[in-house]
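A quick write-up on the structure given underneath.
Where a number appears in this text, it was derived from the coordinates with a stated rule and is not lab data. No experiment lies behind these values; they were computed from the predicted model shown. Here Cβ is always computed from backbone atoms with ideal geometry, including for glycine, and neighbour counts include all displayed protein chains.
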Amino acid sequence: MNQKSFDYMSLLHNHIDTSRVPFSDRGSRLLVFRYSDKSSFYVKLAERLTQLDSDNEAYLKRPPFIQDLTLIDSDGNPLEFRVESSPSRLEIHTQSGDFEMLFQDQQTIALGLPANLICGIRFRVFPQYWHSSVQGGKFISVRNLVYTTNGEVVRNEITPVEGGYEVEFLIKTFEDCAASIDIYPGDRSTTPIQPFSILRSKAEIRWREWFDHVPPVQLKYARTYAYAWWIMANNLISPQGKVIYEAMTPSKIGYVGLWLWDSALHALAYRHIDPILARNQIRSMLAHQLPNGMLPDAVFDDGVVSTIDHPITGEVTKPPILAWSVLKLHETDPDIDFLSEVYVPLVRLNAWWFTMNDDDGDGLAQYNHPYSSGLDDSPLWDQGMPVESPDLNTYLCIQMNSLGSIAEILHMDAEAAMWRRRAASMVRRMIKHFWDPDSGLFWAQKDHHPIKIVTPFSLYPLWTGYLPEDIKNRLVENLKDPRMFWGQYLIPTVARNDPNYDPQTMWRGPVWANINYFFIEALQMVGEINFAKELRDRTLEMIMAQRDIYEFYDAETGSPPLKAVNNFGWTSAIFIDLAIQASKEEE
């Protein structure tokens with residue numbers, strides 16, 4: 001059964017739980033949530049706003065911009081409600097009639113009101129950030145807000161409350177009546193309200209056009225696949241400040257900027273529906289390349305993060321997989337001009353890793369900050385930094401092979417041959433420095449001493465495709481070993497029989513979809529086709545078993561640990577790409 005046989009919009013009816021997942025829209029930084037314990041909504045801003053608090057993660061604790069958004073009757077009494085959700089709108093059923101909510105545009109939330117009665121909304125808004133200190137205090141404007149209606153205003157009361165205002169807005173309605181809340185930075189002219197039926201139709205068309213472009217998959221993947229594509233649109237933010245292209249946040253709940261290797265993985269899904277959008281994920285990061293060739297860890301509206309002061313102070317980036325991603329985009333939608341555009345920046349990035357991250361000059365790069373690995377809290381870094389690690393040097397090998405392919409496409413044959421020689425030489429160095437024939441593992445090293453913590457990253461050089469047969473076989477054997485990595489849920493990010501294994505704590509044991517994706521490709525590359533298929537199918541099943549899509553999963557239960565962010569980007573992108581792969585094989 002293919003894509004034309006089912007309606008993705010219908011599959012997502014009531015799938016979006018607004019008490020946990022933000023109702024948002026493509027490009028918007030407004031997040032609408034429903035309180036889980038009362039009949040009202042709140043609106044958060046998917047923005048860091050460091051002018052309010054310089055802490056990079058302060059937005060995670062910031063209270064909602066709008067609180068207690070309540071539907072009220074003609075006497076101002078709150079209306080209990082029941083919500084039905086879809087990608088394009090929320091239907092809100094009350095005893096006084098049915099309300100609706102949707103996005104008129106990226107900065108405007110529109111409400112459809114039941115006809116021919118008096119009703120309205122009450123809400124608290126906090127347009128200023130205020131903070132007292134021993135010496136005094138400060139007030140800073142957060143965002144502007146305009147609310148309006150095309151109905152007849154019956155009551156419009158604004159009452160000061162601590163830190164903000166309470167608004168009560170009662171309206172005498174008519175057929176197709178609407179109200180709107182417009183939240184925006186700086187000056188802008190508000191958009192006139194259209195009849196709500198027009199806004200509803202536009203929102204419906206906008207979302208149907210998105211889903212109409214997705215490739216077909218088998219029916220068994222369809223619901224999670226639809227939800228993954230909704231996340232791929234819902235997590236997009238429009239250009240603003242340092243974000244100069246439309247690009248995807250890992251999660252508007254927990255990661256409101258753009259992250260380096262996330263962007264490379266998000267592009268894997270976008271290449272199937274919009275190659276320009278896919279390429280812009282890469283451009284969004286390359287636009288902020290530092291003079292020395294390094295790429296920053298993250299890009300936000302209000303700044304770029306290239307150094308972090310915890311758990312140690314240092315430069316921070318993410319694993320070098322952009323060239324690998326660029327090549328995948330080209331395979332799907334060839335664009336030589338794009339390859340020419342990004343080739344030199346990617347070469348400069350590769351050079352930075354070897355010139356600034358190889359203190360002992362042995363030709364193997366090191367991590368100087370744990371966060372540069374992307375494996376933030378892995379036990380591999382517990383002994384301190386720097387660490388020479390097989391995962392980083394495998395990424396660099398893959399990167400150089402990808403640069404070789406790009407150079408070949410650009411008719412730079414001598415340069416292509418050079419990249420392939422360097423990639424093969426990198427593998428020889430890893431075997432010399434990291435390989436332990438007794439354990440059948442590549443060990444990371446601190447001060448040239450092996451860090452004997454068993455992780456799948458000790459198997460990573462399998463992905464290079466350059467290993468001797470005996471080493472390849474030992475790595476595959478270890479990956480298949482249920483005492484270490486194999487099991488119902490896989491691949492754990494620390495081996496099950498390692499003392500550091502903790503299936504609940506980020507990179508100390510849980511399953512991450514991106515790591516599985518890399519191993520699926522590695523197994524395909526070395527001819528382990530059935531093994532790769534089993535890993536792919538297990539990965540898809542694990543993700544499909546949950547209603548939402550998560551950052552990582554417990555390696556024992558397959559459920560999301562408490563701190564796993566939901567509505568997550570690269571898990572969605574990987575699910576999409578693997579579901580498309582699997583569906584093509586099953587045709």
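Quick notes
- Span from the region 502-537 Cα centroid across to the region 247-264 one, whole angstrom: 22
- Tensor-based shape of region 41-87 (alpha-carbon gyration tensor, a/c under 1.5 rounded, otherwise prolate or oblate): prolate
- Counting only the Cα atoms, region 307-380 fills a convex hull of 117 Å³ per residue.
- Point-to-point label distance, Ser201-Asn497, nm (Cα→Cβ direction, 7 Å offset): 6.7
- The ranking of Ser96, Ser36, Ser141, Ser284 by Cβ neighbour count inside 10 Å, starting from the fewest, reads Ser36, Ser141, Ser96, Ser284.
- Mean separation of Cα contacts under 8 Å, 6 or more apart, over the residue count of region 3-209: relative contact order %: 18
- Among the listed pairs Lys61/Lys446; Lys252/Lys452; Lys44/Lys202, those whose Cα-Cα separation exceeds 27 Å are Lys61/Lys446; Lys252/Lys452.
- A Förster distance of 22 Å, applied to the separation of the beta-carbon atoms of Ile529 and Arg223, puts the FRET efficiency at 0.20.
- Stretchable slack from Asp537 to Ser425, in nm (0.36 nm times residue separation minus alpha-carbon distance): 36.9 nm
- Inter-label distance, Ile244 to Arg188: 2.1 nm, where each label sits 7 Å from its Cα along the C-beta direction.
- In this simple spin-label approximation, Asp7 and Asp470 carry label points 7 Å from Cα along the Cα→Cβ vector, and these lie 6.3 nm apart.
- Label zone (Thr313, point 7 Å along Cα-to-C-beta; backbone nitrogen cut-off 18 Å) within region 378-395: 385-386.
- Using only Cα coordinates, the Kirkwood hydrodynamic radius of the chain works out to 25.5 Å.
- Angle between the chain longest axis and helix 529-544 axis [Cα atoms, degrees, rounded to 10]: 20
- Region 362-444: equivalent-ellipsoid semi-axes (sqrt of 5 x gyration tensor eigenvalues, Cα, Å): 28, 16, 9
- Amide hydrogen neighbours beyond the local backbone of Ile549, cut-off 5 Å, H modeled: Asn567, Phe568
- Annotation: average projected area of region 90-214 is 10.5 square nanometres, based on the convex hull of Cα atoms across all directions.
- Pairwise FRET efficiency - Arg483 versus Asp17, Cβ, R0 = 51 Å, nearest 0.05: 0.85
- Here the extension length gained between His411 and Thr557 equals 47.6 nm, from 0.36 nm per residue of separation less the Cα-Cα distance.
- Neighbour cut-off at most 12 other Cβ (10 Å), DSSP loop, trypsin sites (Lys or Arg not before Pro), region 456-536: Arg483
- Set of lysines near Lys533 by C-alpha distance (under 20 Å), chain-local residues within fewer than 8 positions excluded: Lys220, Lys328, Lys472, Lys480, Lys584
- Principal-axis analysis of the Cα atoms of the chain puts helix 222-234 at an angle of about 80° to the longest axis.
- Between the helical axis of 336-356 and the longest alpha-carbon principal axis of the chain there is an angle of about 60 degrees.
- Gyration tensor over alpha-carbon atoms, region 3-209, equivalent ellipsoid semi-axes in Å: 28, 22, 16
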